[in-house]
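Bear in mind these aren't lab numbers, they're just calculated from the coordinates by the rules spelled out. It should be emphasised that the depicted structure is a prediction, and the values quoted were computed from it without experimental measurement. Every residue, glycine among them, receives a Cβ derived from its backbone with ideal geometry; neighbour counts consider all protein chains shown.
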Amino acid sequence: MKILVLNGPNLNMLGIREPDIYGRETYQTLVEKIKQHAQKIGVEVVCTQTNHEGVLVDEIQAAYGKMDGIVINPGAYTHTSVAILDAVKAVGIPTVEVHISAVEKREDFRQVSYIRAACVGTITGHGTDGYLEAMELLLANAKG
Ligand code: DQA
């Protein structure tokens, strides 16, 4: 099974940005953690981060026919992007939405997730472990 892990804007700033909310682990450490876990559960993984909405759409489209699952943290685009929702719907690849923080306990503007409607699951508030749980969810989903 091949999984694409997509991180959106400001997630490259992990470890620096608001550590009380997002923790002190860096993006690079997160990628290492994801790769190690992927190896452990026997899945192939590709990790990408971009600050640009259109690039997220491009990456989702490029996964068509190549990837069996997507783990995505769209960052702030979660709360604004119909284009990312449409891209996930267009490719039809099982997708899990991840948020490091418990978005449901934060500001009102974070209560809306456009992408959620197209996802097979959502994990919030589990820190970076949420990415590992999302990969497991996709694997379980693929095995039926
Ligand atoms: C986030 C939550 C979003 O509201 C925020 O804009 C982010 C990170 C999270 O991982 O908790 O950039 O997706």
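Quick look at the numbers
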quantity	calculated
Some residue of region 89-101 being in a loop (DSSP other than H, G, I, E, B), over 13 Å from Leu6 (Cα atoms) and within 11 Å of the ligand (Cβ to nearest atom)	yes
Flag if Asp58 is within 17 Å of Val5 (Cβ to Cβ), assigned to a helix (DSSP H, G or I) and not small (Gly, Ala, Ser)	yes
Filtered residue count, region 61-79, keeping only those that are assigned to a loop (DSSP other than H, G, I, E, B) and under 12 Å from the mean Cα position of the chain (by Cα)	1
Candidate set: region 117-132, residues that are in contact (Cβ under 8 Å) with a residue 24 or more places away in the chain and part of a helix (DSSP H, G or I); chosen: the one farthest from Glu53 (Cα to Cα)	Leu132
One residue from Glu136, Glu107 being out of contact with any Gly (no Cβ under 7 Å at 6 or more places or on another chain) and within 15 Å of the ligand (Cβ to nearest atom)	Glu107
Subset tally (residues that are outside any strand (DSSP E or B), of a type in the set (D, E, K, R) and within 16 Å of the chain's Cα centre (by Cα)) for region 1-24	0
Test result for Glu53, acidic (Asp, Glu) and surrounded by fewer than 16 Cβ atoms within 10 Å (Cβ to Cβ)	no
Thr80 being within 18 Å of Asn10 (Cβ to Cβ), hydroxyl-bearing (Ser, Thr, Tyr) and more than 14 Å from the ligand (Cβ to nearest atom)	no
